[in-house]
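Below is one structure; the comments refer to it alone.
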Amino acid sequence: MTGPRFTRWAEGALVHAALWGAVLAALYPVLWVVSTALSPRELTVKPRAIPWPSAPSLENFRTVVGATDAAKAQLFLTQVGNSLVVSLATAFIAVAVATPAAYALARFEFVGQKASLRTLLATQLFPTVASAVPLYLLLDALNLLDSRSGLVLVYAASAVPFALFQLRASFQAVPPELEEAAMVDGATRFGAFRLVAVPAIRPALAVTALFAVMSSWNEFILASTLLSRETSFTLPVVLQRYVGEYDAAWGPFAAGSILVSLPVMGIFYVLQRHLVAGLTSGAVKG
Amino acid sequence: MRLVCFSIAFFIASIFLAPKNAVAAPPAESGAGRPRVNLWHAYRGDEEAALHRALEAYRRLTEVEVEALAIPFEAYGSKLAAAVPRGHGPDVFIEAHERLGVYARDALVAPAGDAFPDEDLARYDATSVEAVSKGGVRYGVPLASKCLALFVNEQLVPREIAYLEELLALPGLAPGNYPLAYEATSAFFHAPFLHAFGGSFLGADGHFAFAELSSARALGFVKHLADEQLIPEEPSGTLVIDLFASGRAAAVVSGPWLAGELGNKVRYRVQPLPKLAAAGQGVMRPFLTVETAMLSPKGAARPEARAFARWLGSTASAVVRAEKGHQVVATLAAWDAPAVKSDALLVAFHRAVESAVPTPSTLAMRAAWEPANRAIRKVLRGDTEPEDALHEAATRFEDATRPLPPAASPWGALAVAGFSAVAGIVYFVRRARMPRFRRALAASLPSYAYAAPATLAITLLVIVPLAAGAATSLFVGTREDPRYVGLANYVAILTARGAGLFAQGSFYRTLLVTVSWMTVNIVFHVVIGVALGLLLSRPAMRLKGLYRVLLIVPWAVPSYVTALAWKGMFHKQFGSLNAMLATFGFEPRAWFARFDTAFSANVATNVWLGFPFMMVVAMAALTNVPQEVMEAAELDGASRWKRLRFVTLPMIAPTLIPAIALGAAWTFNMFNVVFLVSGGEPDGSTDILVSEAYRWAFTRDAQYGYAAAYAVLIFVVLSLMSRLLTRLRGPEGQTP
């Protein structure tokens, strides 16, 4: 009995070793950022393999968190709030808008289906070199300049194409028999969609939401073009302020980057619990 | 239909009802309260604090409320360009004088008028006045000057340096230490050497003078400094500061901003840049930047904005900015104030300013930086002799500033557009008459209800802006004064503007690089992502949540800072990669000196940044695989690979393929890693199509139409590729 057991144990150990290797590779470059963040002024004059500050201090973190506006009112928490509101609203709207459309694309046949899929793909192939100014004009016309709502709309719309493709593929992976059974039991088509199909693609919804959160959380160009008040700035705009024309305050920039990434990891930790297998398995033959 | 209704309602509500914490600033002339003047700037730290202090003083002085907004430097120009033509944006903004050329052309700045009346001429130093004037018109109020000077370590260099050669021959320097450090690979820092040899970037008539003999001599001199290891290799701004702060560089060339970084870590003195004996005693004259209070057309029309701009140049304001913000102010009387007069650092910089040359504010100068930078890097890497590099730079400059194509008649395009519109209408009317089509349309109506919000959002906020962007590819010139040129931009790109079709920087060559960039990246993303996804989806797995969170860290930390951390790891002298290589006995490599290693550095960074996305998508896809299949795979060791290949992968492929396809397209257009890590080095060879488009839009004379044509061509290439792939996958292959 020790044979297979040992193999299992060894395999487990191997998997953990591989994962720790991956974790190290993922964290190593971030260590440099952490080191810069913890150093009042990082000296890189000696080539080193392991980054660690000579005199760690939290000064840079204090600088970032303690930022105030001209009237000495605190700014950082407001701006964290802006980023959270914008990202979560973006994720919510993007998913809410994309889910029914993805369902229609996956389950129904309609005139213009192929064309709309092609158009959707096309929007992702086009580099956005020059769309900041047209967007500015558009939001100006809608009277949504310099508001978080305007930014959310733009972000959500740009997150929708990926969400549509992802959710459509996931709906297609759900056996149609599930919804048919529900409709036999008296559910409407929309009811089957809402009560059967949507819960079945929870993992994809989580990933889509995460994607929308991420893309808005770190977006800088549009946020800085469309927002014109310190109190409405999102975090990437705030961080980029530490980089000037001639020089950059890398310490606060690095400290801010780390602070900025923490809420995202929190959001991911919550969402990843939806990434569990077996939601649809077993429901239909297998 | 509740959810649909709900989402539509939410959508609309978010437009109209969501907390508008920042409704557009109240109209400046609004009667309620004090009149407002909007001021934009990009100052940080002490300079920002000093500006705020000056504004407080102004508030006590007048009825006017000045609202200052600090904007990240990186977004400053594009934000001005977006806001000012629409009548939004600032009344007054602070900007370097060298951008006047572009801003005046684009009507972002208006003449200063009575913000700078003739009677104020004696108020400022003559050089500053010259810098803010263009064609006899004064475009702003000069506030402060920035130029390079010599920071000298007092312990290592006891007396003032008259000739740079004294410094280079400094006795008693420990090995590995440098007599001089500066950002040698930047044209801005190279300028003093160039000027000392009597050269310049542009001639008086605007021709590219950088290709002349004096430039070759200046470059040869700097190359000699590098060869003798008198200056450090691959010197970044951070490295220069660190070397000086740790006493490993006896002197550095830098500007006033360095003082803030140094604090009191090292005892130093500032002096003007010395003479160069090797250049026949030529003075190392740096470029001078004059920070200027400029008036937008909106602000220039308002007396209170003009009065405020004028006041910013006043002695009262200048003394505060000099004393608290350590600015080398342009206002002469401020230098009599005791607190300013006694500031040794300020006085030293004031001296340095006297020998400086104002940076030309012409459009040609903007186009000159990039060719000059590339030539300098090429020579310092030892790739070419100075003469050849300069000749190439001249060609590049000609290329970027070539005359714009002549206006084309728009009738051809209008005829094509009109004809296709008519044909489309006829086609739809005829189809709509067919009963079969009508039935199909009626059957589609429920689907349209599901898709309506998404369609609306994408059409309005994605497709319309993209189409507007694409349309600019048919134009040249500025947004205010566009000229229709038909397909001239496309023709120029596709014929490589007369150069060889596979020459450096040509469309076809860059396309090859881009395709390999995309392919290599996506292969690594998918292989690493799916492998980790598989490991993290094992049914009985401890610490799953912890691994998952730690492995998305590369995605979570802003890529701007991590990309720069990667760049630092690849530094030749001080990077950790070479440090690791050294422990295994390998020679250090200059990663950015060759295409293959620079390309690999970019790929390594982008793979690191992008694998978590694929991993998360793979984890989601794996949830479709029934538990039993996963468990069976655990038990049945021998056929595990087969199971993966023939059961698991086919099961997750449908959900993975959209992400892979879109991921490929995004990678194709992922310019910021290329920008931040290799920066196109060596010699633009690692640039991809999008970074080329960005260079045309933002560094080469702001040719937006040209950049847009690049964007459209990228779109065409990607569409063809996706068609081809769909074809290859056969009839059951889906889109995408």
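Before moving on, here are some points about what is shown:
- Within a straight-line Cα-Cα reach of under 13 Å, residue B:134 can be paired with the following aspartates and glutamates, leaving aside sequence neighbours fewer than 8 residues apart in one chain: B:98.
- Here the range B:182-307 is assigned +1 on the Cβ of each Lys and Arg and -1 on the Cβ of each Asp and Glu. Its dipole about the Cα centre then comes out at about 480 debye.
- Cα centroid of the range B:235-276 to Cα centroid of the range B:574-605, whole Å: 27
- Both numbers refer to the Cα atoms of chain B; Rg and Dmax are 30.0, 96 Å.
- Cross-linked pairs A:114/B:544; B:146/B:298; B:79/B:572; B:298/B:567; B:298/B:324: Cα-Cα separations exceed 32 Å for A:114/B:544; B:79/B:572; B:298/B:567.
- Span-rule helices in chain B, defined as complete DSSP H runs reaching 20 Å or more along the axis (Cα) with Kyte mean at least 1.6: B:2-16, B:507-536
- Fewest neighbouring Cβ atoms within 10 Å first, the residues B:715, B:586, B:201, B:611 line up as B:586, B:715, B:201, B:611.
- Within straight-line reach of residue B:341, meaning a Cα separation under 12 Å, sit the following aspartates and glutamates at least 8 residues removed in sequence or on another chain: B:323.
- Comparing A:250, A:126, A:159 along the charge dipole axis of the range A:120-262, the residue lying farthest to the positive side is A:159, per the Cβ-charge model.
- Translational diffusion of the protein assembly as shown was estimated from the Stokes-Einstein equation, with Rh taken as the Kirkwood radius over Cα pairs; at 37 °C and 0.692 mPa s the coefficient is 106 µm²/s.
- Contact order, relative form, for chain B: 14 percent (alpha carbon pairs under 8 Å, 6 or more residues apart, mean separation divided by residue count).
- Alpha-carbon centroids, the range B:111-140 and the range B:351-385: separation in whole Å: 26
- At R0 = 51 Å, FRET efficiency that the Cβ-Cβ distance of residue B:479 and residue A:5 yields, to 0.05: 0.10
- Taking label points 7 Å from Cα along the Cα-to-Cβ direction, residue B:336 and residue B:439 give a separation of 9.7 nm.
- Dipole moment magnitude, nearest 20 debye, chain B about Cα centre, only Lys, Arg, Asp, Glu C-beta charged: 3200
- FRET efficiency, residue B:448 to residue B:57 (Cβ-Cβ, R0 45 Å, nearest 0.05): 0.15
- Taking other Cβ atoms within 10 Å as a rough exposure proxy, A:54, A:149 sort from fewest to most as A:54, A:149.
- Here the average projected area of the convex hull drawn through the C-alpha atoms of the range A:51-92 stands at 4.8 nm².
- Every pair of different Cα atoms in the range B:574-627 enters the Kirkwood calculation, which places the hydrodynamic radius at 13.9 Å.
- Cβ crowding within 10 Å ranks B:642, B:567 as B:642, B:567, fewest other Cβ atoms first.
- The modelled label-to-label distance for the pair residue B:512/residue B:402, using points 7 Å beyond Cα in the direction of Cβ, is 2.1 nm.
- Options B:527, B:276, B:452, ranked by Cα towards positive dipole end of chain B, top entry (Cβ charges): B:452
- Only one residue of B:584, B:253, B:552 has its Cα farthest out toward the positive end of the dipole of the protein assembly as shown, where Lys and Arg carry +1 and Asp and Glu -1 on Cβ, and that residue is B:552.
- Using a simple spin-label model with pseudo-atoms 7 Å out from Cα toward Cβ, residue B:641 and residue B:174 lie 5.5 nm apart.
Throughout, read-outs are computed from the coordinates displayed, never taken from laboratory work. Remember, it's a predicted structure, so these values are computed and weren't measured experimentally. Counting neighbours? That spans all protein chains shown, and the Cβs are built from the backbone with ideal geometry, glycine included.
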